[in-house]
Amino acid sequence: MLRKKIAAATAVGAAVALALAGCGVGGGDSSSSASSITVLVEAGGHAELQPIADLYKKDTGTSVTFVELPYDGLYNRLNSEFTSGTVSFDVAALDAIWLPAFKDAVTPLNSQFTSSVKDDLFPALVKEANVDGTYVGMPVWTNSEILYYRKDLFEDPANKTAFKAKYGYDLVPPTTWQQYTDAAAFFTQPDKGLYGTDVKGAVETEYLATLSQTGEKTMVVDPSNGDVSLGDADSLKALDFYTSLQKYAPAGGAQLDWAGAQNLFNQGKTAMMRFWAHAYRQIPKDASVYGKVGVAPMIAGPGGVAGVPGAWYLSVAKASKKQQQGLDFVKFAYEHNDLSAKTSLGLVARKSAFEKYQDQPGYENYKPLVETLDAQATIPRPATPKWQQIVDTVLVPMIQKSLQPGADNQALLNAAKEQVQSLVK
């Protein structure tokens, strides 16, 4: 999920988008020209689609007008226009977690999800696109956390010798919870300003990835019957591991978010981090770790490697008067998905698009991302319109409380289960 990660990385673009929105850009009737369509998009996602739009104009003569909004502003506009039944756009890029809420306001894409299309998409994305038996969005780009590590530290001969002497096996990028713990402990040297890892208390996704790594088949809640898995053995195992890393992380983990964790790593203060794959190409050239960063698949728990898919989907507004044009653009975007690989974020959705570039310099993050997204334990977030409320009012507060001294993780999970049950009943 990119969610606010893209917005944070493109704050200037978002500010410009807000100014344009204030001037009425994209506020008109989406049917004003038969040779144009309007696409509503989160500010950071515009760059991903621009090469596709340029080729679409060249090949079909139809121009694409993008209306950019910051993440929260995009959701609010979609919600307002979908509710009113009158839309100023034809196609919208939707965060995966919005699909259940807007499923009735978008045109079914069942005919586009052929066997060959589904075979070229990660299973979790195919599942996520299908809400109540209907495909409501076509994946346009996807993301997941992968493992980042300091190559200069892991490849240092002295470190290799000392690590093997202490733990009895070679110092390599960790693949399991235990190896991650050992490496985090080994590199934690507060007197030198270095810690093995970070612990993020202000976000939920990394805990959810850890939960999936246990082999848990239901991520928090099963939308089909309302069953909540929090409080079971796997959820406790995941939370215990998550919080156990606190002793190898800088202080203040309960308030640490994505931007803070990224800054710690780029400043050379952590030896490893689990982070969204797109950030690999965004390490500043003046960062102390520039040129020293390696990437690997997300670590595995008892259930194997797992991450949380961070996908966005293109959907056609049912209320748009340009149904066929919208459907044609969504199909074209899928067919030319590989064009997004060369954008600033460099994210795509199709397996073949990843494979096309994964062996080229600068795309070292692709193979770990593919392995993580294709892992059997990687599952999408639950298709419930209550999901964001569950995150904000239950999951993040629970994680933050678990990082406090003397926290009772089982009691926190039990309380969280009751809260989620009350939200989805």
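The values are calculated or read from the model by the stated rules, or taken from the named source; none is laboratory data. The shown structure was predicted, so the numbers you read here are calculated from the model rather than taken from an experiment. A quick note on method: Cβ atoms are made from the backbone with ideal geometry, for glycine too, and the neighbour counts reach across all protein chains shown. To get the accessible areas, we keep the full protein, side chains included, count just its heavy atoms, and leave off ligands, DNA and RNA. Shrake-Rupley method; radii C 1.70, N 1.55, O 1.52, S 1.80 Å.
Of note:
- When residue 325 is tested against (1) under 29 Å from residue 280 (Cα atoms); (2) surrounded by 16 or more Cβ atoms within 10 Å (Cβ to Cβ); (3) not aliphatic (A, V, I, L, M), exactly one condition is not met: (1).
- Subset of the range 128-171 [exposed (fewer than 15 other Cβ atoms within 10 Å of the Cβ) and among the small types (Gly, Ala, Ser)]: 133, 158, 162, 165, 168
- Residue check for residue 128: within 25 Å of residue 371 (Cα to Cα), assigned to a helix (DSSP H, G or I) and modelled with pLDDT of 95 or more: yes
- Summed over the range 332-377, residues that are among the hydroxyl-bearing types (Ser, Thr, Tyr) and either in contact with a strand residue (DSSP E or B) (Cβ under 7 Å, 6 or more places away or on another chain) or open to solvent by less than 10 Å² (accessible area, probe 1.4 Å) (or both) total 4.
- Being touching a residue at least 60 places away in the same chain (Cβ under 8 Å), within 22 Å of residue 344 (Cβ to Cβ) and open to solvent by less than 60 Å² (accessible area, probe 1.4 Å) is a property that holds for residue 96.
- Pairing each residue of the range 41-63 that is free of Cβ contacts under 8 Å to residues at least 40 places away in the same chain with any residue that is crowded, with 16+ Cβ neighbours inside 10 Å and polar (S, T, N, Q), provided the two are 6+ apart or on different chains, yields C-beta distances under 6 Å for 43/10; 63/36.
- Pair list, Cβ under 7 Å, 6 or more apart: the range 357-384 residue among the small types (Gly, Ala, Ser), other residue part of a loop (DSSP other than H, G, I, E, B) and open to solvent by less than 40 Å² (accessible area, probe 1.4 Å): 375/306; 377/215; 377/303; 377/306
- For the range 222-240, a residue qualifies if it is open to solvent by less than 20 Å² (accessible area, probe 1.4 Å) and farther than 13 Å from residue 410 by Cα, and exactly one does: 228.
- Residue match in the range 199-206 (condition: free of Cβ contacts under 8 Å to residues at least 40 places away in the same chain and either touching a strand residue (DSSP E or B) at 6+ places or on another chain (Cβ under 9 Å) or surrounded by fewer than 17 Cβ atoms within 10 Å (Cβ to Cβ) (or both)): no
- Sole residue being modelled with pLDDT of 95 or more, farther than 26 Å from residue 378 by Cβ, assigned to a helix (DSSP H, G or I) and under 24 Å from the mean Cα position of the chain (by Cα), chosen from 78, 18, 99: 78
- Some residue of the range 339-349 being over 24 Å from residue 109 (Cα atoms), outside any loop (DSSP other than H, G, I, E, B) and more than 18 Å from the chain's Cα centre (by Cα): yes
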